[in-house]
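Enquirer: Handing you this structure, nothing more for now.
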Amino acid sequence: MAYDIYQEEILEHYKNPHNKGSIEHPDLFGHGNNPVCGDDISIYVKISDGKISAVSFDGRGCAISQASVSMLTDKLKGMSLEEARKMDIDGVKEMLHIPLSAVRLKCATLGLKVFQEAAGETR
Ligand code: FES
């Protein structure tokens, strides 16, 4: 099946997540969960010269939510904050390359939602 390669990539990110862990004194921090299943994600962002110099996540959840936030952190690194704020659901769909039901879309966009909330507020 044509989606196999993407499903493998998702499983790989799930098993070996990129940018996992917290960052001390982040410039941006966000936390959120999916109350239905309990998946839980925190995102830490460091900004330098208007760009995302470091980003990481912590949490637990299903393969899609964890792989999606792992891929998202890879993508966000090096982006300007302005550019990163434009990341949307279509961007997440593009990253995952698999068809997503309404339920799976909630899993896939949990990390994005947490990042968007974090990016809306500097502490
Ligand atoms: Fe909870 Fe996927 S099952 S976010």
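Read the figures in this text as sums done on the coordinates, not as results from a lab. These numbers come from a predicted model, not from an experiment. In this analysis, Cβ positions are derived from the backbone assuming ideal geometry, glycine residues included, and neighbour counts consider all displayed protein chains.
Enquirer: In square nanometres, what is one fourth of the surface area of the convex hull spanned by the alpha carbons of segment 1-92?
Expert: On the way: hull surface 26.1 nm².
Spelled out: convex hull of the Cα atoms, projected over all directions, averaged, 6.5 nm².
Enquirer: I would also like to ask the following. Rg (Å, one decimal) plus Dmax (Å, integer) for the alpha carbons of segment 84-123?
Expert: In order Rg, Dmax, the Cα atoms of segment 84-123 give 11.0, 36 Å.
Enquirer: If R₀ is 25 angstrom, what is the calculated FRET efficiency for the pair residue 9 and residue 93, using the beta carbon separation as r and rounding to 0.05?
Expert: On the way: r = 14 Å, r/R0 = 0.57.
Once the sixth-power term is evaluated, E becomes 0.95.
Enquirer: How would you classify segment 15-54 from its alpha-carbon gyration tensor, with a ≥ b ≥ c the square roots of the eigenvalues: rounded for a/c under 1.5, else prolate if a/b is greater than b/c, otherwise oblate? Mind dumping the intermediate values first?
Expert: On the way: a/c = 2.92, a/b = 1.79, b/c = 1.63.
Verdict is prolate for segment 15-54.
Enquirer: Okay, next question. Place a +1 charge on the Cβ of each Lys and Arg in the chain and a -1 charge on the Cβ of each Asp and Glu, then give the dipole magnitude about the Cα centre in debye, rounded to the nearest 20. The partial results should precede the final answer.
Expert: Details: 14 positive and 18 negative charges, 31 e Å.
Roughly 140 debye for the chain.
Enquirer: Report the one residue of 84, 96, 36 whose Cα lies farthest in the direction of the positive end of the charge dipole of the chain (charges on C-beta: Lys and Arg +1, Asp and Glu -1; origin at the Cα centre).
Expert: 36
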